[in-house]
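The values are calculated or read from the model by the stated rules, or taken from the named source; none is laboratory data. This one's a predicted model, so the numbers in the text were calculated from it and none came from an experiment. Backbone-built Cβ (ideal geometry, glycine too); neighbour counts: all protein chains shown.
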Amino acid sequence: MNKQLQDFARKYLKKEIIKLPLESHYLFKRMYSPSDLDMPIGKVIDNMPDSKLDWAMLQVQRTIDRLASKSRGE
């Protein structure tokens with residue numbers, strides 16, 4: 001992933017993860033910063049390995065979609 005895509009992915013994650021409940025933030029931190037669960041979520045995203053960005057974006061979007069489906073009663 002080139003630098004431009006990495007920057008886009010990090011911005012996307014920071015923008016979208018705030019839509020999720022705090023429990024999801026905690027899970028995200030456990031996956032991507034297990035040694036420092038008190039680290040702010042933005043810093044966790046900044047420190048993520050580039051190789052994990054694509055998967056993290058997919059996870060965040062799926063969680064948003066799942067929560068939206070639940071709220072619609074699907």
Pairing a residue in the stretch 1-16 that is without any contact (Cβ under 8 Å) to a residue 24 or more places away in the chain and closer than 12 Å to I45 by Cα with any residue that is in a helix (DSSP H, G or I) and not hydrophobic (A, V, I, L, M, F, W, C), where Cβ atoms lie under 9 Å and the two sit 6 or more apart in sequence or on different chains, gives none
Filtering the stretch 6-38 down to residues that are over 16 Å from L67 (Cα atoms), surrounded by 13 or more Cβ atoms within 10 Å (Cβ to Cβ) and not small (G, A, S) yields Q6, F8, R10, Y12, L13, K14, K29, M31, Y32
Here the residues within the stretch 39-72 that are among the charged types (D, E, K, R) and farther than 18 Å from I18 by Cβ are D50, K52, D54, K70, R72
Scanning the stretch 1-41 for residues that are small (G, A, S) and assigned to a helix (DSSP H, G or I), the one modelled with the lowest pLDDT turns out to be S24
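Tell me whether the stretch 50-68 contains one or more residues that are part of a loop (DSSP other than H, G, I, E, B), closer than 16 Å to D7 by Cα and free of Cβ contacts under 8 Å to residues at least 40 places away in the same chain.
no
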